[in-house]
Amino acid sequence: MPLGLHGRVFYGWWIVAAGFGLEVLIGILVFHVYGAYVVLLRHEFGWSKTMLSAAFALARAESGLLGPLQGWLTDRFGPRALIQVGMVVFGVGYLLLSQVNSPVTFFLAFFVIALGSSLGGYLPTGVALVNWFRRRRATALAIASSGMPVGGLLTPLVVSALEHFGWRWTAFVSGLVILVAGVPLGRVVRHRPEPYGEWPDGEPLAPSTLATRPTGSTVAVVEFTAREAMRTPAFWLISLGHGSALLVVSAVMVHLLPYVTERLGYSLQEGARVVALMAVVQVGAQLLGGGWAGDRFSKRALVVACMAMHAAALLLLAFATRFWMVAAFGVLHGVAWGIRGPLMSGIRADYFGRAAFGTISGFSSLIVMLGMMGGPLVAGILADRTGSYRPGFVILAMLAGLGSVFFLLARRPIGPRPTS
């Protein structure tokens, strides 16, 4: 690890490590494994795809509506307290999940899980990393967020536990793991470097406080308030583009395993291997594309290309007739998600600064949540109505392609208040 001002490891990298650990917990226990719970709950209770999609969508709506308050609280009180509270709520949610026996109790348990994983998730960690890093911001965000696909790599282990020990016991143990590991990780996170005698990247700021564009030119660092950011076209275009990407991501989270098992006839373990393959590719793409390239080239151009890959991947999945086509989807989707994911925070920080980053990201989540809600609902409802996932996947792929246009138009706004 690079050394800081005092000859020791720059503390920002410890925050990166803690963020990585938190993302592993959330990735393996919420995002990548939810589809496996869908398969088993449908088998035991006979619940429809629409109902299980609605649970995921409503939970994402809660996270999105919470976003502005969560962002303001993070900017005001710091991310550590929110993460620790979130991990406790997250763990309790899984303990509740182990006891569900009706749609009402399932909705309640998953709501608690979503609330906790949101409070303790990427937004507060991202706020800390944006404050602790400037020159190497994309790299730091990419390393921390790579915990999400690493969680995907561990999905076959959780699926094996679900099959051998049952979903109730697996959920109960998951809750205990979150409480034991998540709360201590949250204590590592600190809000800003300056109170601890540090500066972003572990380096003193230049007198002119200049930031370098990917093209090599320099511009004065600017700091937007949330109100000022929301007056720019870039805020809305980035939010719409991010939401259109999550149409694909959320649909895959909920429906990939049911699609592979129920429609294509493969086993749950074979489906889990596709998730693991996607995760391997995503880790590499995050570190090389989202991190290394994101610090050196235009983030906007990279994201435009990723949105096209999201669309192409989902079309490939929609028309898959062989397992290699499903695997190819996993590779293409993993590359797109891996590169684009950390650049969402990076491009907002580059455009709007770090002073109100949490609040700006929180308000953006009100739009982004529409993608997290819409993807599973569109795919699930159309699958129940038509007996096929293909119509829903095709529609979502077209909307993801539109996201390329949103990012293409999202140019850097002129800053209102250059810092000195």
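The values are calculated or read from the model by the stated rules, or taken from the named source; none is laboratory data. These numbers come from a predicted model, not from an experiment. Using ideal geometry, Cβ is built from the backbone for each residue, glycine included, and neighbour counts are taken over all protein chains shown.
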(message) When the residues of the range 232-246 are narrowed to those that are in a helix (DSSP H, G or I) and not hydrophobic (A, V, I, L, M, F, W, C), which ends up farthest from W337 (Cα to Cα)?
(response) P233
(message) Condition (residue is in contact with a helix residue (DSSP H, G or I) (Cβ under 8 Å, 6 or more places away or on another chain), outside any helix (DSSP H, G or I), under 19 Å from M369 (Cα atoms) and modelled with pLDDT under 80) applied to the range 53-62: is it met by at least one residue?
(response) no
(request) Go through (1) at pLDDT below 85; (2) crowded, with 24+ Cβ neighbours inside 10 Å; (3) within 27 Å of G67 (Cα to Cα); (4) not basic (K, R) and name the single condition V221 misses. (result) (2)
(request) Go through the residues of the range 285-307 one by one and say whether even a single one is under 30 Å from L69 (Cβ atoms), assigned to a helix (DSSP H, G or I), in contact with a Leu (Cβ under 6 Å, 6 or more places away or on another chain) and at pLDDT 85 or above. (result) yes
(request) Look through M344, M369, M307 and report the one residue that is over 25 Å from G78 (Cα atoms) and either in contact with a helix residue (DSSP H, G or I) (Cβ under 9 Å, 6 or more places away or on another chain) or of a type outside the set (S, T, N, Q) (or both). (result) M307
(message) Here is a check on your reading of the model: is Y122 under 21 Å from the mean Cα position of the chain (by Cα), modelled with pLDDT of 85 or more and either aromatic (F, W, Y) or on the phi > 0 side of the Ramachandran plot (or both)?
(response) no
(message) Just to be sure before I move on: is V378 under 21 Å from G147 (Cα atoms) and either touching a residue at least 24 places away in the same chain (Cβ under 8 Å) or not in a helix (DSSP H, G or I) (or both) in the structure I sent?
(response) no
(request) Would you mind telling me which numbered condition in (1) crowded, with 22+ Cβ neighbours inside 10 Å; (2) at pLDDT below 90; (3) farther than 25 Å from R273 by Cα G341 fails? (result) (3)
(request) For residues that are out of contact with any Phe, Trp or Tyr (no Cβ under 7 Å at 6 or more places or on another chain), aliphatic (A, V, I, L, M) and surrounded by fewer than 21 Cβ atoms within 10 Å (Cβ to Cβ), tally how many sit in the range 312-331. (result) 6
(message) Among the numbered criteria (1) out of contact with any Pro (no Cβ under 8 Å at 6 or more places or on another chain); (2) under 28 Å from P68 (Cα atoms), which one does S365 miss?
(response) (1)
(message) Suppose the filter is under 22 Å from the mean Cα position of the chain (by Cα) and closer than 16 Å to L317 by Cβ; does M398 pass it?
(response) yes
(message) Within the range 165-176, does at least one residue satisfy the condition of being surrounded by fewer than 24 Cβ atoms within 10 Å (Cβ to Cβ), within 30 Å of I360 (Cβ to Cβ) and free of Cβ contacts under 8 Å to residues at least 40 places away in the same chain?
(response) no
